[in-house]
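Structure first, then comments.
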Amino acid sequence: MDDVCRRVRTFCDGFGVTVPVLQAPMAGACPPSLAAAVAGAGGMGACGAVLHGPEQIGEWMKAFRTGSPSGAVQLNVWVPDSPGSGSQERERLAADAAAFLGEFGTAGESGGWSGPPPYREQCEAMLTSQPTVVSSIMGLFEPEYVRRLHAAGIAWFACATTLEEALAAEEAGADAVVAQGMEAGGHRGSFDPEDAERTDIGLFALVPWFADHLRVPVVAAGGIGDGRGVAAALALGASAVQVGTALLRSPEAAIEAEWADALDGLGPEATLTTHAYTGRLSRAVTTPFLRAWQRPEAPRPAPFPDQAGLVGRWRAGGAPEVDPLNYFAGQSAALALPEPAGEIVTRMWQDASALLGRR
């Protein structure tokens, strides 16, 4: 295990952590208190900033620094999709999805969502905020932005779901690649949304495949819920792990009680992948609402962000059969415990260290 120890130590020294456990940047479920707790345990906190405007990004970082003045932290943003279906096709898909949602109740007058704030403004705000890491999902940053990040001493971590994506990220200047296995909760990080279902590679096939072909460190993400998963990922070639669902039941995450309760004892088979919440493929708790979208007569959900806007309208209307929130969950949700986030991170690393034979 000497090779594992050297790899982990190099990563930790390079990115300002003492524990190779990173918080996943979960949009809508990453308050500064959670990130500060993870950083306080020696890991790296995170903010999924896709829903944040520039001012919100700055406010989030200020709150994080209040709780963790020198802790490691990453800010994450979605890279916008390339133009997809033409306007007429998008309109048709949205109309079909709206008609189907009408079976669940009445839409509200408002509550729709047109998409995330302006991407370039988000990128500028992240650069100004000076985090340890700025990370991307759904694609790659432009070369000039990568140059500016590095000039400011900020590392770039790129999420990838295939070796082709990972090699492209390395070539583009990524300092580490986050290998996202299909077990991961929340949104699938495929560069091309049309590839998301086809590239359903499990993490423990993905990690050694990446490790054997990349020069930069690999961060393993997806289905890691305790020290056993951490040890396995590191033994397979990862330099660190990224965990999300494992932290959702902690008090610092402060998610809705209904969502937290749904994770309690949730088996791997009780999650599914779906486009029904936002139009992008994601993994969530199986619910009657999501099952309905899998019926043979159900239409294809509208593309992102149209589907998210439609679902928001029906939620605003109080449609009783529409899930009131997105119950995102990874396949190891049953391992998530209602304990302080710092204790979860500490125990993960202690248990992993014992399994790896570290002293």
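Quick note: the coordinates plus some simple rules give every number you see, no bench work behind them. If you're wondering where the values come from, they're calculated on a predicted model, not measured in any experiment. Note that each Cβ is placed from the backbone with ideal geometry, even for glycine, and that neighbours are counted across all protein chains shown.
Among the residues in the stretch 122-132, are any outside any loop (DSSP other than H, G, I, E, B), in contact (Cβ under 8 Å) with a residue 24 or more places away in the chain, within 21 Å of residue 301 (Cβ to Cβ) and not hydroxyl-bearing (Ser, Thr, Tyr)?
No, there is no match, as no residue in the stretch 122-132 is outside any loop (DSSP other than H, G, I, E, B), in contact (Cβ under 8 Å) with a residue 24 or more places away in the chain, within 21 Å of residue 301 (Cβ to Cβ) and not hydroxyl-bearing (Ser, Thr, Tyr).
Condition first: more than 18 Å from the chain's Cα centre (by Cα) and acidic (Asp, Glu). Now tell me which residues in the stretch 38-81 satisfy that.
55, 59
Being surrounded by fewer than 21 Cβ atoms within 10 Å (Cβ to Cβ) and of a type in the set (A, V, I, L, M, F, W, C) is the requirement here; does residue 177 meet it?
Here the answer is no, as residue 177 does not meet what is asked.
Checking residue 295 against (1) of a type in the set (Lys, Arg); (2) surrounded by fewer than 17 Cβ atoms within 10 Å (Cβ to Cβ); (3) within 17 Å of the chain's Cα centre (by Cα), which test does it fail?
Failing condition for residue 295: (3).
Take the conditions touching a residue at least 40 places away in the same chain (Cβ under 8 Å) and of a type in the set (A, V, I, L, M, F, W, C) and apply them to residue 276. Does it pass?
no
Within the stretch 238-281, work out how many residues are under 29 Å from residue 211 (Cβ atoms), crowded, with 22+ Cβ neighbours inside 10 Å and out of contact with any Asp or Glu (no Cβ under 8 Å at 6 or more places or on another chain).
12
Which condition number in (1) touching a Cys at 6+ places or on another chain (Cβ under 9 Å); (2) within 26 Å of residue 279 (Cβ to Cβ) is the one that residue 73 fails?
(2)
Taking the stretch 323-359, which residues are polar (S, T, N, Q) and either over 27 Å from residue 270 (Cα atoms) or surrounded by fewer than 16 Cβ atoms within 10 Å (Cβ to Cβ) (or both)?
Hits for the stretch 323-359 are 346, 350, 353.
I need the full set of residues from the stretch 63-84 which are of a type in the set (Phe, Trp, Tyr) and within 13 Å of residue 30 (Cα to Cα), in order please.
At the first step, the residues of the stretch 63-84 found to be of a type in the set (Phe, Trp, Tyr) are 64, 78.
If the condition is that a residue be of a type in the set (Phe, Trp, Tyr) and within 13 Å of residue 30 (Cα to Cα), then 64 is the only one that fits.
For the stretch 245-263, give me each residue that is of a type in the set (A, V, I, L, M) and either at positive phi or assigned to a loop (DSSP other than H, G, I, E, B) (or both).
248, 253, 254, 255
Working only within the stretch 212-228, note down all residues that are of a type outside the set (D, E, K, R) and farther than 14 Å from residue 239 by Cβ.
Those that are of a type outside the set (D, E, K, R) and farther than 14 Å from residue 239 by Cβ: 213, 222, 223, 225, 227.
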